[in-house]
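Structure record follows, encoded as structure tokens.
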Amino acid sequence: MPFVKVNPAYTSQRCQKCGHTCKENRESQATFSCKRCAWTGNADYNAAVNILEAAIEQWARTHGPAGSKSETDPRKGPAVLAGGACDEPLTARAVA
Ligand SMILES: [Zn+2]
């Protein structure tokens, strides 16, 4: 069983569906409600999915595809941070 260390920062504020990270998403201790995609659900479940995704990403980064081993590890911070800021427009864009 591989062990992957994951930075839990923001996992409770990040939407597991669209990646939007904002503390406003955390409606209450128990409920998560995304301000961007409107996904609503159990806050613990949401955080668990985020941690799982972060773990998979972390694993891929350190044990990545054979042959593409990079010598430097540009620690850009936790992957969970990707996904947009709070001040993003909430208007839904139609995708053609
Ligand atoms: Zn969302």
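The values are calculated or read from the model by the stated rules, or taken from the named source; none is laboratory data. If you're wondering where the values come from, they're calculated on a predicted model, not measured in any experiment. Every residue, glycine among them, receives a Cβ derived from its backbone with ideal geometry; neighbour counts consider all protein chains shown.
For the reader, a short list of remarks on this structure follows.
- Failed criterion for PRO2 (all others in (1) at pLDDT 85 or above; (2) in contact with a helix residue (DSSP H, G or I) (Cβ under 7 Å, 6 or more places away or on another chain) hold): (1)
- For region 21-46, a residue qualifies if it is within 12 Å of the ligand (Cβ to nearest atom) and closer than 19 Å to ILE56 by Cβ, and the qualifying residues are THR21, ASN46.
- Enumeration of residues in region 14-63 that are surrounded by 14 or more Cβ atoms within 10 Å (Cβ to Cβ), under 20 Å from VAL4 (Cα atoms) and of a type in the set (Phe, Trp, Tyr): TRP59
- Residue list for region 31-52, filter: small (Gly, Ala, Ser) and within 14 Å of the chain's Cα centre (by Cα): ALA43, ALA47, ALA48
- Inter-residue pairs, beta-carbon under 7 Å, first at negative phi and of a type in the set (A, V, I, L, M, F, W, C) and in region 29-51, second assigned to a helix (DSSP H, G or I) and surrounded by 16 or more Cβ atoms within 10 Å (Cβ to Cβ), 6+ apart: ALA30/ALA43; PHE32/ASN25; PHE32/ALA43; PHE32/ASN46; CYS34/ASN25
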